Amino acid sequence: MVMKGTLPTLLVLLILAAPSVIQAQFEYTTNSDGVSITITNYTGSGGVVTVPTNIDGMTVTSIGDWAFEYANVTSVTIPGSVNSIGTFAFELCVLMTNISISDGVTSIGDYAFGACNSLGSIAFPGSVTNIGVDLFTACSSLTSITVDPENSFYSSVDGVLFNKNRTTLMQFPLAVGGNYTIPDSVTNIQSSTFVQCLDLTTVTIPGSVISIGDFAFQACTGLTSMTIPASVTSIGAWAFVSCTSMTNLTIPASVNSIGSDAFWNCNSLTSLTIPGSITNIPADAFAGLSSVTNVYFLGNAPAVDSTAFAFDNNATAYYLPGTSGWNDFSTNAGVPTVLWNPVIQTADGSFGVSNNQFGFNITGTTNIPIVVEACANLANPVWTPLQTLNLTNGSFYFSEPFQPNSSGRFYRINSP
């Protein structure tokens with residue numbers, strides 16, 4: 001009789017105690033309204049966690065900065081009473097595979113999920129109006145970011161995060177690799193969009209894009225090449241830093257601004273082409289490029305920070321006839337400069353067919369690198385590289401087997 005009478009009482013006591021035990025896992029501060037609170041620290045043991053709607057009779061309306069940092073949580077559910085998630089709120093929750101954000105949350109702080117490297121996907125509700133920057137830094141398992149279609153500020157396509165009208169590309173999931181083509185509605189690639197997307201091999205940027213943000217492609221070590229379209233006018237600081245597999249780079253004439261450290265440590269690059277539209281090159285923009293041998297400038301010498309270039313292979317900067325400022329540039333940048341002026345000789349007797357070969361002399365500054373290219377149709381030319389060489393002693397005789405059945409054969413000299 002004693003046991004039978006006591007058991008229900010114990011169950012009631014346990015049931016009543018359970019909410020107190022859950023609420024004891026959270027430290028909080030009272031907000032200025034006196035009736036709502038901000039969770040400032042999670043002290044529980046981890047695992048599956050549901051953030052309570054109320055603690056000590058007050059409504060939980062926000063999760064503060066660093067509140068769950070380093071917590072051993074595996075899954076977190078955030079209730080609809082919460083309207084904001086703070087900066088670094090879930091940083092380094094390395095075991096967290098899932099987070100459920102209820103409708104009601106309006107803002108997510110900068111770096112909120114940084115280094116949550118077990119997080120595979122995340123869905124934003126329709127209530128979110130402000131998403132912080134660098135939200136998923138080092139989230140190496142992230143494959144999908146989705147947004148409720150009813151959201152008025154953001155959207156997603158194939159797991160990629162955009163603003164609502166898809167003019168700004170905001171975040172590409174880090175664990176997705178291969179080739180990606182940016183939609184042609186995009187005009188801006190936001191800061192940190194592709195940071196540490198290690199398995200991306202190709203990103204096609206459409207002609208609609210105007211700006212590439214800071215850190216946009218930082219440490220995309222799988223990218224082997226990058227074509228920057230002629231629509232781009234600015235490249236942000238650290239935009240391509242440590243893209244260590246990229247082998248060549250041509251910056252289009254539309255670009256008039258490059259940020260500091262923009263191509264730092266792209267140590268597989270062998271040559272650079274820099275347009276005349278670049279009038280200033282900031283600190284460390286092209287530092288740490290251990291494989292570069294040739295830099296081609298297509299305009300007057302830009303103003304240059306003394307640390308802008310740092311090459312291990314004693315690279316040479318080549319400039320065009322009629323441009324100026326190269327003595328000062330060489331002094332300031334610490335890079336030797338050489339005039340790049342190859343010419344195909346057509347009136348010296350070398351030009352034409354001889355011994356069933358078609359050839360011509362090329363003359364110019366001694367030891368400048370060149371490539372001879374050919375095409376068959378100037379109206380719609382496809383130029384094919386035929387030979388890469390240096391003008392030893394300032395001249396070289398180029399020849400190739402004569403092609404009598406060809407309707408036309410056109411040649412040009414280009415930089416490698």
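The values are calculated or read from the model by the stated rules, or taken from the named source; none is laboratory data. Computed from a prediction, not measured in an experiment: that's the story for all the values here. Using ideal geometry, Cβ is built from the backbone for each residue, glycine included, and neighbour counts are taken over all protein chains shown. For the accessible areas, the whole protein counts, side chains as well, though only heavy atoms, and no ligand, DNA or RNA atoms are used. Shrake-Rupley method; radii C 1.70, N 1.55, O 1.52, S 1.80 Å.
Yes or no: Tyr42 without any contact (Cβ under 8 Å) to a residue 60 or more places away in the chain, among the aromatic types (Phe, Trp, Tyr) and either in contact with a Ser or Thr (Cβ under 9 Å, 6 or more places away or on another chain) or over 26 Å from Val176 (Cα atoms) (or both)? If you could, list the steps in order and put the result at the bottom.
Values: without any contact (Cβ under 8 Å) to a residue 60 or more places away in the chain: yes; among the aromatic types (Phe, Trp, Tyr): yes; either in contact with a Ser or Thr (Cβ under 9 Å, 6 or more places away or on another chain) or over 26 Å from Val176 (Cα atoms) (or both): yes.
Yes; evaluated as a whole, the condition is true for this residue.
Need pairs with beta-carbon distance below 6 Å; first residue touching a residue at least 40 places away in the same chain (Cβ under 8 Å) and at positive phi and within the stretch 161-187, second open to solvent by less than 30 Å² (accessible area, probe 1.4 Å) and assigned to a strand (DSSP E or B); sequence gap 6+ or separate chains.
none
Which condition number does Ile101 fail, the rest of (1) within 25 Å of the chain's Cα centre (by Cα); (2) open to solvent by less than 30 Å² (accessible area, probe 1.4 Å) being met?
(1)
What are the residues in the stretch 350-380 that are more than 30 Å from Pro336 (Cβ to Cβ), open to solvent by less than 60 Å² (accessible area, probe 1.4 Å) and not in a strand (DSSP E or B), if any?
Scanning the stretch 350-380 gives a single hit, Ser350.
Please state which one of Gly132, Gly104 is of a type in the set (Gly, Ala, Ser), out of contact with any helix residue (DSSP H, G or I) (no Cβ under 7 Å at 6 or more places or on another chain), under 27 Å from Ser234 (Cβ atoms) and in contact (Cβ under 8 Å) with a residue 12 or more places away in the chain.
On the way: Gly104 fails: under 27 Å from Ser234 (Cβ atoms).
The unique qualifying residue is Gly132.
So, in the stretch 111-132, exactly how many residues are more than 19 Å from Val94 (Cβ to Cβ) and either assigned to a loop (DSSP other than H, G, I, E, B) or open to solvent by less than 20 Å² (accessible area, probe 1.4 Å) (or both)? It would help to see each step written out before you state the result.
Taking the stretch 111-132 and keeping what is more than 19 Å from Val94 (Cβ to Cβ), we get 123-132.
Those still in the list that are either assigned to a loop (DSSP other than H, G, I, E, B) or open to solvent by less than 20 Å² (accessible area, probe 1.4 Å) (or both) too: 124-129, 131-132.
Qualifying residue count for the region: 8.
Could you tell me which of the residues Tyr318, Tyr296 is of a type in the set (Phe, Trp, Tyr), outside any loop (DSSP other than H, G, I, E, B), touching a residue at least 60 places away in the same chain (Cβ under 8 Å) and closer than 21 Å to Val232 by Cβ?
Working: Tyr318 fails: closer than 21 Å to Val232 by Cβ.
When all the criteria are applied, what remains is Tyr296.
Please give the strands (runs of 3 or more DSSP E) falling wholly within the stretch 159-214 in which 1 or more residues are hydroxyl-bearing (Ser, Thr, Tyr) and out of contact with any Asp or Glu (no Cβ under 6 Å at 6 or more places or on another chain). Talk me through it step by step, then tell me what you get.
On the way: elements: 160-163, 168-171, 178-181, 200-204.
In the stretch 159-214, 168-171, 178-181, 200-204 are the strands (runs of 3 or more DSSP E) which contain 1 or more residues that are hydroxyl-bearing (Ser, Thr, Tyr) and out of contact with any Asp or Glu (no Cβ under 6 Å at 6 or more places or on another chain).
Which of the residues that make up the stretch 227-236 are in a loop (DSSP other than H, G, I, E, B), within 15 Å of Gln190 (Cβ to Cβ) and free of Cβ contacts under 8 Å to residues at least 40 places away in the same chain?
So in the stretch 227-236, the residues in a loop (DSSP other than H, G, I, E, B) come out as 227-233, 236.
Within this subset, residues satisfying the condition of being within 15 Å of Gln190 (Cβ to Cβ) are 232, 236.
If the condition is that a residue be in a loop (DSSP other than H, G, I, E, B), within 15 Å of Gln190 (Cβ to Cβ) and free of Cβ contacts under 8 Å to residues at least 40 places away in the same chain, then Val232 is the only one that fits.
Might you check whether a residue that is open to solvent by 40 Å² or more (accessible area, probe 1.4 Å), touching a Leu at 6+ places or on another chain (Cβ under 7 Å), under 26 Å from Leu223 (Cβ atoms) and not hydroxyl-bearing (Ser, Thr, Tyr) occurs anywhere in the stretch 283-304?
Taking every residue of the stretch 283-304 in turn, at least one turns out to be open to solvent by 40 Å² or more (accessible area, probe 1.4 Å), touching a Leu at 6+ places or on another chain (Cβ under 7 Å), under 26 Å from Leu223 (Cβ atoms) and not hydroxyl-bearing (Ser, Thr, Tyr).
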